[in-house]
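These notes concern the structure reproduced below.
The values are calculated or read from the model by the stated rules, or taken from the named source; none is laboratory data. Computed from a predicted model, the values in this text were never measured in an experiment. All Cβ positions, glycine included, derive from the backbone under ideal geometry; neighbour counts span all protein chains shown. Note: accessible area is taken over every heavy atom of the protein model, side chains too, but ligands, DNA and RNA are not part of it. Shrake-Rupley method; radii C 1.70, N 1.55, O 1.52, S 1.80 Å.
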Amino acid sequence: MTEFDVVVVGAGPAGSAAALEVARAGLSVALVERGPFPGAKNVFGGVVYGRVLDELIPRWWERMPVQRWVTRRSTMVLTPTQALTVDLRAQDWGQAPYNGATAHRSELDSWLAEQAVAAGATLITSTVVTGRSATGVRTDRPDGDIAAKVVIACDGVNSFLAKEAGLFKAREHNTLGVKETLALPRAVIDERFGLTGDEGADFEIIGCTGDIPGGGFLYTNKESVGIGVVLELDGLTAAKVRPEELIAELKAHPAIAPLVRGGELVEYSAHLIPEGGYRTMPELVTDGMLIAGDAAAMCLAAGIWLEGVNFALGAGMYAGRAAAAAIAKGDTSKAGLAAYRTMLENSFVLGDHRRLRDMPGLVLSERVQRRYPGLVCDLAQGMFEVDNAQPKPGLRKLLREARRTHGVRVRDLLRDGITAMRSLS
Amino acid sequence: MTYPERDFDDRMSTVEFRVGDRPHITVDQDVCRSCTTQACVHACPANLFVPTAEGGILFNYEQCFECGTCYQVCNQEGAITWTYPDGGHGVVFRKG
């Protein structure tokens, strides 16, 4: 049996950040990945926010494999025949120290794992951890058991380690993300999205998933775009619509079609997303084990914010530090590892998640999904429609009409507004 | 305008699979025959669950995304046994 101080299960962003911090503390660490290389099993909605890496890798932006730096961030509300977009352009985000970047996970996750290896971690690929043992973890390799004082479970949204520990909750608001990567010439992307050089665009979309709670996304790579939908599993089950049909509908929308026209499918992909956030997180610490990243439901799906890799990186970093500190003290029990939770609470990881804990439910609610998109689009259309010889209608009249059309009561509007404001303030 | 949608096989041919010998997901036909929803048939993004004339479900593990949707939407206890493929096998995403 091989022995390490720490074994990290899963070489995604959480796992690599954890292994990096353990190795830097001077301890031995195995980083076990079931894919043939890190990132092989991973799919995301396109954007990584790297600020948390400032703490781990100085001037990371000079070396991290990115596709484009996001300088255009659009939030779109769609109905079948309307689109209302809040379109932010921030040129600052196109230069150091940058903000968000589009990337391919095969490249991003491999690079992150390389940083851990450079610090001294041992990366073991093509190996499935099949469960915990008395001394560490079992794997599917012959004689492949690994002994370790602490296990850091970064084994993703279907975490078998969390399941085995009885910590895996039946997750409300789990969603299925399906994505098409469509090749387009770089100059065509630049022209259609109004971009220059390494600038990139990220569109997050609501109102494009029919009867199914969810949303859509469209973002630019160097020479391709990623487009897809995110679908709540219960709604998907009830609707009996196939996921790829909803991508086809989004691609045919009059506001989207001109952007993706002629794109050739180079990869179709899918992944589950733990969108429930704070309210669906498992216990994060048990005897000898910490849980981080998607395994701990750390994706933030809070309407205008859609993040995950940054939370995984942050949680992994704190998990690595807590594991190293516990080993140094000689206490890797649940109590000895409890500093992990404290570090998360004092950081953005649980700070954001806790504050925004009611947002996933609101964003996936029937009103936000099926009534408000039509309401705000009708309101905007009413304001800009010139109906002479009639004088312009007042905003109050427009709102009343839109509310009636879409069956929205004032008190629901107020209640949802308060929930949103309480979360955002 | 609308797009001519690609044949589903063409769609799946864009994805790399290193198919292992062991089926990592198995489906219990007897349980599926009594299932009224068969949610897996619509929800699986790789379209791997095919209803049979006898009311069962035909399943092919080879082009699986390993996403977990099938067992999470399944409402029949024990119908789907779900594990990961052996190390190094299964789907390999390049543009994920």
Just one of the numbered conditions (1) within 28 Å of A:Lys222 (Cα to Cα); (2) more than 10 Å from every other protein chain (Cβ to nearest Cβ); (3) crowded, with 18+ Cβ neighbours inside 10 Å is not true of B:Val92; which one? (2)
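Examine segment A:266-282 for a residue that is more than 25 Å from A:Leu233 (Cα to Cα) and either open to solvent by 10 Å² or more (accessible area, probe 1.4 Å) or within 14 Å of chain B (Cβ to nearest Cβ) (or both), and state whether such a residue exists.
Initial filter on segment A:266-282 (more than 25 Å from A:Leu233 (Cα to Cα)): A:266.
Among the residues that remain, those that are also either open to solvent by 10 Å² or more (accessible area, probe 1.4 Å) or within 14 Å of chain B (Cβ to nearest Cβ) (or both) are: A:266.
Within segment A:266-282, one or more residues are more than 25 Å from A:Leu233 (Cα to Cα) and either open to solvent by 10 Å² or more (accessible area, probe 1.4 Å) or within 14 Å of chain B (Cβ to nearest Cβ) (or both).
Could you grab me the full set of residues in segment B:26-39 that are facing chain A (nearest Cβ under 9 Å) and crowded, with 22+ Cβ neighbours inside 10 Å?
Just the residues of segment B:26-39 that are facing chain A (nearest Cβ under 9 Å), to begin with: B:37, B:39.
Hit for segment B:26-39 is B:Ala39, nothing else.
State which residue is nearest to the other protein chains (Cβ to nearest Cβ) when the search covers only segment B:40-86 and only residues that are among the aliphatic types (A, V, I, L, M) and farther than 21 Å from A:Ile273 by Cβ.
Of all residues in segment B:40-86, those among the aliphatic types (A, V, I, L, M) come to B:41, B:43, B:46, B:48, B:50, B:53, B:57-58, B:73, B:79-80.
Keeping just the survivors that are farther than 21 Å from A:Ile273 by Cβ gives B:41, B:50, B:53, B:57-58, B:79.
Working: B:Val41: 8, B:Val50: 13, B:Ala53: 19, B:Ile57: 15, B:Leu58: 17, B:Ala79: 14 Å.
It comes out as B:Val41.
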Counting only residues that are under 16 Å from A:Asp202 (Cα atoms) and among the basic types (Lys, Arg), segment A:160-185 contains a total of 1
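Against the condition β-branched (Val, Ile, Thr) and at pLDDT below 95, how does A:Thr2 come out, does it pass? So that I can check it myself, show each step before the final result.
Working: β-branched (Val, Ile, Thr): yes; at pLDDT below 95: yes.
Here the answer is yes, as A:Thr2 does meet what is asked.
Of the residues A:Gly288, A:Gly210, which is away from every other protein chain (no Cβ under 11 Å) and either touching a strand residue (DSSP E or B) at 6+ places or on another chain (Cβ under 8 Å) or among the hydroxyl-bearing types (Ser, Thr, Tyr) (or both)?
Values: A:Gly210 fails: either touching a strand residue (DSSP E or B) at 6+ places or on another chain (Cβ under 8 Å) or among the hydroxyl-bearing types (Ser, Thr, Tyr) (or both).
The conditions single out A:Gly288.
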Can you find even one residue in segment A:69-87 that is within 14 Å of another protein chain (Cβ to nearest Cβ), in contact (Cβ under 8 Å) with a residue 40 or more places away in the chain and within 23 Å of the chain's Cα centre (by Cα)? no
Given (1) closer than 21 Å to A:Val157 by Cα; (2) assigned to a strand (DSSP E or B), index of the condition B:Leu58 fails: (1)
Failed item in (1) surrounded by fewer than 24 Cβ atoms within 10 Å (Cβ to Cβ); (2) within 14 Å of chain B (Cβ to nearest Cβ); (3) modelled with pLDDT of 95 or more; (4) over 20 Å from A:Ala11 (Cα atoms), with A:Leu176 passing the rest: (1)
Tell me yes or no: at least one residue of segment B:7-20 is away from every other protein chain (no Cβ under 14 Å) and in a loop (DSSP other than H, G, I, E, B). no
Residue match in segment A:174-182 (condition: farther than 23 Å from A:Pro274 by Cβ and either hydrophobic (A, V, I, L, M, F, W, C) or in contact with a His (Cβ under 8 Å, 6 or more places away or on another chain) (or both)): yes
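Just need a number here: residues in segment A:179-216 that are assigned to a strand (DSSP E or B) and either open to solvent by less than 20 Å² (accessible area, probe 1.4 Å) or not assigned by TED's automatic domain parsing to the domain that holds A:Leu233 (or both).
First pass over segment A:179-216, keeping only residues assigned to a strand (DSSP E or B): A:179-183, A:199-206, A:214-216.
Right, trim to either open to solvent by less than 20 Å² (accessible area, probe 1.4 Å) or not assigned by TED's automatic domain parsing to the domain that holds A:Leu233 (or both) and you get A:179-182, A:200-203, A:205, A:214-216.
Total meeting the criteria: 12.
State the number of residues belonging to segment A:225-243 that are more than 7 Å from chain B (Cβ to nearest Cβ), touching a residue at least 24 places away in the same chain (Cβ under 8 Å) and either over 21 Å from A:His104 (Cα atoms) or open to solvent by 10 Å² or more (accessible area, probe 1.4 Å) (or both). Write out each step before concluding.
Going residue by residue through segment A:225-243, those that are more than 7 Å from chain B (Cβ to nearest Cβ) are A:225-232, A:234-235, A:238-239.
Still in the list and also touching a residue at least 24 places away in the same chain (Cβ under 8 Å): A:225-232, A:235, A:238-239.
Okay, now just the ones that are also either over 21 Å from A:His104 (Cα atoms) or open to solvent by 10 Å² or more (accessible area, probe 1.4 Å) (or both), so A:230-232, A:235, A:238-239.
Qualifying residue count, segment A:225-243: 6.
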Restricting attention to segment A:391-404, does a residue exist that is open to solvent by 50 Å² or more (accessible area, probe 1.4 Å), closer than 30 Å to A:Arg279 by Cβ, without any contact (Cβ under 8 Å) to a residue 40 or more places away in the chain and outside any helix (DSSP H, G or I)? no
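Please go through segment A:147-167 and give me each residue that is of a type in the set (A, V, I, L, M, F, W, C), within 11 Å of another protein chain (Cβ to nearest Cβ) and either open to solvent by less than 10 Å² (accessible area, probe 1.4 Å) or part of a loop (DSSP other than H, G, I, E, B) (or both), ordered by number. Walk me through it before giving the result.
The initial filter retains those residues of segment A:147-167 that are of a type in the set (A, V, I, L, M, F, W, C), namely A:147-148, A:150-154, A:157, A:160-162, A:165, A:167.
From what is left, the residues that are within 11 Å of another protein chain (Cβ to nearest Cβ) are A:157, A:160.
Matches in segment A:147-167: A:Val157 only.
From A:Ala255, A:Ala248, which residue is facing chain B (nearest Cβ under 8 Å), open to solvent by 10 Å² or more (accessible area, probe 1.4 Å) and either touching a residue at least 24 places away in the same chain (Cβ under 8 Å) or over 18 Å from A:Ala301 (Cβ atoms) (or both)? Reasoning before the result, please.
Working: A:Ala255 fails: facing chain B (nearest Cβ under 8 Å).
When all the criteria are applied, what remains is A:Ala248.
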Can you find a residue that is modelled with pLDDT of 95 or more, charged (D, E, K, R) and assigned to a loop (DSSP other than H, G, I, E, B) anywhere in segment A:324-343? yes
From the list A:Arg355, A:Arg367, exactly one residue is surrounded by fewer than 19 Cβ atoms within 10 Å (Cβ to Cβ) and under 19 Å from the mean Cα position of the chain (by Cα). Which is it? A:Arg355
The strands (runs of 3 or more DSSP E) lying wholly within segment A:91-135 that contain at least 1 residues that are open to solvent by 50 Å² or more (accessible area, probe 1.4 Å) are A:122-124, A:129-132
Name, by its number, the condition in (1) of a type in the set (Ser, Thr, Tyr); (2) loosely packed, with under 14 Cβ neighbours inside 10 Å; (3) at pLDDT 90 or above that does not hold for B:Thr14. (2)
